[in-house]
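These notes concern the structure reproduced below.
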Amino acid sequence: MAEEMEAGCTRPTGGPTGEAQKQATEDETTTETLQQEVKPMIQVGHKAPDFTAPGYQKGNFINVKLSDYFGQWVLLCLYPGDFTFV
Amino acid sequence: MSIDSVFVHKMWDENELSKMVDGGVPFPMLSDGGGQIGRLYGVFNEEAGVENRGRFIIDPDGVIQGYEVLTPPVGRNVNETIRQLQAFQYVRNSKGTEATPAGWKPGKTTLKPGPDLVGNVWKEWQTKMVE
């Protein structure tokens, strides 16, 4: 499912996949626009936006694509930062 | 998922989290450097430059069934998250014929929506059942 990733000196990044990514390559200012625009909160009953992201799991660095996990229940949790207290 | 790199995730898991959870965190700890994914989900805190506490329940079709967003100082309640997951799974397995009332837990009464239930929920459900 999640493919293993080499640990290199550049910090790996992920991001949205699909249509949003296509737009980003067509228009370099998209990232800026995304930051300024007030995006509506995503809605229940709607498809979860797909993305890829680098990850760490049990000693390995991996690359994760959300849609690879469709077919099972997924709990996606975001939090402010590692080593913060809560 | 947080804005921390996978290297910091490794250090946090090895040096702290594994002392709270046997064997460390079993699931993938994802990195969202730059907050692109947090923005996509509407939970990136632009002022602080970090993710707010966003939690999304996604069903096997990839559909978001529920979410919760908290500001940083208050932690989540994993028992409530599990309760919601169990309720969504129950409803899905019933193919939409049953619904779970407020405070439902596995084993408790569910509701079967239909014309006969209109105005009669009080016969099936009381506030004391939430306890």
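Throughout, read-outs are computed from the coordinates displayed, never taken from laboratory work. Quantities reported herein were computed from a predicted structural model and do not represent experimental measurements. Neighbour counts are summed over all protein chains in view; Cβ atoms, including those assigned to glycine, are modelled from backbone coordinates with ideal geometry.
Listed values, structure above:
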| read-out | value |
| --- | --- |
| Amide H contacts of B:Val63 (H built 1.01 Å from N, under 5 Å, at least 5 apart or other chain) | A:Ala48 |
| Rg to Rh quotient for the protein assembly as shown, alpha carbon positions, Kirkwood Rh | 1.02 |
| Peptide A:58-65, shielding by other chains (average Cβ, 10 Å cutoff) | 4 |
| Residue among A:Pro12, A:Gly55, B:Ile57 farthest towards the positive dipole end of the protein assembly as shown, charges placed on Cβ | B:Ile57 |
| Dimensionless Rg over Rh [segment B:77-131; C-alpha; Kirkwood] | 0.98 |
| Phi to ³J(HN,Hα) by Karplus 6.51 cos²θ - 1.76 cosθ + 1.60 over segment A:66-72, Hz, x for Gly, Pro | 3, 5, 5, 9, 5, x, 10 |
| Label-point separation, B:Lys108 to B:Val63 (7 Å along Cα→Cβ), nm | 2.4 nm |
| Between segment B:90-121 and segment B:1-67, the Cα center-to-center distance that results, in Å | 33 Å |
| Ordering of A:45-57, B:44-56 by packing [mean C-beta count within 10 Å, highest first] | A:45-57, B:44-56 |
| DSSP-defined beta bridges in segment B:1-72 - what % are antiparallel, rounded to 5 | 90 percent |
| Computed [θ] at 222 nm, deg cm²/dmol, chain B (DSSP H ≥ 4; -39,500 (n - 2.57); rounded to nearest 500) | -7500 deg cm²/dmol |
| Translational diffusion of chain B, µm² s⁻¹ [Kirkwood Rh, Cα pairs; Stokes-Einstein; 20 °C; 1.002 mPa s] | 120 µm²/s |
| Mean Cβ count within 10 Å, highest first, over the residues of peptides A:76-83, B:22-29 | A:76-83, B:22-29 |
| Pairs of lysine residues in the protein assembly as shown - Cα separation under 22 Å, sequence separation of 8 or more or cross-chain | 19 |
